[in-house]
Amino acid sequence: MRSDAEIPFFFGPGGDLFGMFHATAQPARQAVLMCPPLGQDLIRCHRVYRQLAQSLAASGVAVLRFDYHGTGDSAGDSAEVDWDRCVADTLVAAAELRSRAGVERPVAFGARLGGSIALSASAKTRFAEVIAWDPVTDGAAYVAVLDTMQASLREDANRFIRPRTHADVAAQWLGFDVGDRLREQLARLRIGIVQVPTLWIDSQQALQDRQRVAAISPPVPWNDMRKVETAILSPALIHAVSGRLKETAYA
Amino acid sequence: MREEAHRFGRARHLVGIAGVPGAARGETGVIVLNAGLVHRIGPFRLHVELTRQINAAGYPTLRFDLSTLGDSAATGGGQTRTQQVCADLDDAMNLLKARAGCEKFILVGLCSGAQNAHIVAATDPRVAGAVFLDGYAYPTLGHKLRHYLPRIADPGRWARFLRRRPSGTAATESAPTPEPVFAVAAAPREEVIADFNGMVERGTKLYFVYSGGISDQFNHERQFRECFGKVMSHPAVTTRYLAETDHTYILTGDRARLLDGIGGWLTRNFPPAAAGRHA
């Protein structure tokens, strides 16, 4: 693996979005935009995103990983994360990838909310396909899960020597400030029928009503409080996505 | 202030983000090391918030990934982990010197990051200060008394114990133990104390912040002295025990108080106007 083929940089109109471009040794035969999830899932997925990006780049697929405004290394505070801005940043990142890789219609990949963002962005830009790994399709249910996990944090004896106050845990989800606007945006999120070709990668047996589902196991413990700081690693995911990119010649 | 993304190092194998204030060059720089396996943004983005707050106070910063962590690669040089950490920090200091003219450095590390910061602070004269968050800790007699006495004196605990005894299934009834997030393998205590003495004798300023999240190892402000002896009373040493917080500062209010504490310690010990001129 040539580490100097992985290029960290800032891009976007204000030069404030962080990206990591995985170049290919030869002209890229395809390109993948990796849309990260939000919150703690972003941190938990960092390693598997990098592993997948390296695997794809080694097979001739250029990859751009990036962080939305208010996340990761990009500018902005966590409290500023905004759904519409995430979708807009995805469009900017797609344009950056097209320019760097010389590929007009990249594939978009995303885990959890990253998959949901990629699907939302697909209505505004031309992706050859979206590969969505356990995407959030019912935002209201997702908000309820996060609220429950955050409430349980207050009395988490594995973390605190005594319970914290309600005020201590308010307006946050698992380590990150969350604004009212993002909460409302997520509560309204509903991923219904999508127009873009989509491969749904399902570790939760939650997407059986969709077409073109690739089931993988074991189930990813996205919502397990005991593993909230444990990295998500999934050889099955890397195998499924790499296999998909190998088998398909996109128009 | 601007942030710059860098690939750097002796094998161009390291990735980091330098924060360079617009002020004059020649300042003391602050370098933040990985906490456990979390990439350079830190647990819950702690390192991003920390470096930006420190940048706003006028200090150049670098948050980066050590070899094999985050986005950084291995060098393949056959070094021990200690040699690798020292070489990576040498690369990091050289980068911040090139970008902002820094000659002296403050290292900040949480858990394994504190351990790595310790290794370098003990040997590299360019390190003028270090912030150890939940670094080395050793249970002491005081720790055991503070841990066990309240439990022995708790009638409710005895009642629960006696209720469980006949079935003999206490272990299986209890909640599963969470997987450890980070772990610091303890170096011999006498060695660690000798290192601290060496650091303060060279003029290195040390800030210890320990949390309630490691109460199985450390559970009171007094334990700094119990663990490490009189060096903890040296004027170059500042200690703070945050009983209510967890190990990785998952609550944003706790994180803000931690950052304010580090910022205050930094400006008291390395005033921005005089930064870079410390012996």
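Inside segment A:141-161, residues that are within 7 Å of chain B (Cβ to nearest Cβ), surrounded by fewer than 19 Cβ atoms within 10 Å (Cβ to Cβ) and of a type outside the set (Val, Ile, Thr) make up a count of 1. In the condition set (1) among the hydrophobic types (A, V, I, L, M, F, W, C); (2) within 14 Å of chain B (Cβ to nearest Cβ); (3) in a helix (DSSP H, G or I), A:LEU233 is compliant with all but (3). Among the criteria (1) within 14 Å of chain B (Cβ to nearest Cβ); (2) surrounded by 15 or more Cβ atoms within 10 Å (Cβ to Cβ), the one A:SER203 does not fulfil is (1). Can you tell me which residue is nearest to B:ASP124 (Cα to Cα) among those in segment B:68-83 that are under 18 Å from the mean Cα position of the chain (by Cα) and surrounded by 15 or more Cβ atoms within 10 Å (Cβ to Cβ)? Checked segment B:68-83; the qualifying residue nearest to B:ASP124 (Cα to Cα) is B:LEU69.
Within segment B:97-119, being in contact with a helix residue (DSSP H, G or I) (Cβ under 8 Å, 6 or more places away or on another chain) and of a type outside the set (Gly, Ala, Ser) holds for B:CYS102, B:GLU103, B:PHE105, B:ILE106, B:LEU107, B:VAL108, B:LEU110, B:ASN116, B:HIS118, B:ILE119. Taken together, the criteria place B:GLY58 among residues that are surrounded by fewer than 24 Cβ atoms within 10 Å (Cβ to Cβ) and either of a type outside the set (Phe, Trp, Tyr) or within 9 Å of another protein chain (Cβ to nearest Cβ) (or both).
Of all the residues in segment A:11-22, those that are within 12 Å of another protein chain (Cβ to nearest Cβ) and surrounded by fewer than 19 Cβ atoms within 10 Å (Cβ to Cβ) number 3.
Just one of A:LEU33, A:LEU52, A:LEU42 is closer than 19 Å to A:ALA132 by Cα, crowded, with 19+ Cβ neighbours inside 10 Å and either within 10 Å of chain B (Cβ to nearest Cβ) or at pLDDT below 95 (or both); which is it?
Details: A:LEU33 fails: either within 10 Å of chain B (Cβ to nearest Cβ) or at pLDDT below 95 (or both); A:LEU52 fails: either within 10 Å of chain B (Cβ to nearest Cβ) or at pLDDT below 95 (or both).
Answer to the selection: A:LEU42.
The single condition from (1) surrounded by fewer than 17 Cβ atoms within 10 Å (Cβ to Cβ); (2) modelled with pLDDT of 95 or more; (3) not in a helix (DSSP H, G or I) that A:GLN208 fails is (2). Restricting attention to segment B:8-51, the residues that are charged (D, E, K, R), surrounded by fewer than 20 Cβ atoms within 10 Å (Cβ to Cβ) and within 13 Å of chain A (Cβ to nearest Cβ) total 2. Could you check, for segment B:102-116, whether at least one of its residues is part of a loop (DSSP other than H, G, I, E, B) and within 9 Å of chain A (Cβ to nearest Cβ)? Looking through segment B:102-116, none of the residues is part of a loop (DSSP other than H, G, I, E, B) and within 9 Å of chain A (Cβ to nearest Cβ).
The values are calculated or read from the model by the stated rules, or taken from the named source; none is laboratory data. This is a predicted model, so every value here is computed, not measured. Positions of Cβ are generated from backbone atoms using ideal geometry, with glycine treated the same way; all protein chains shown enter the neighbour counts.
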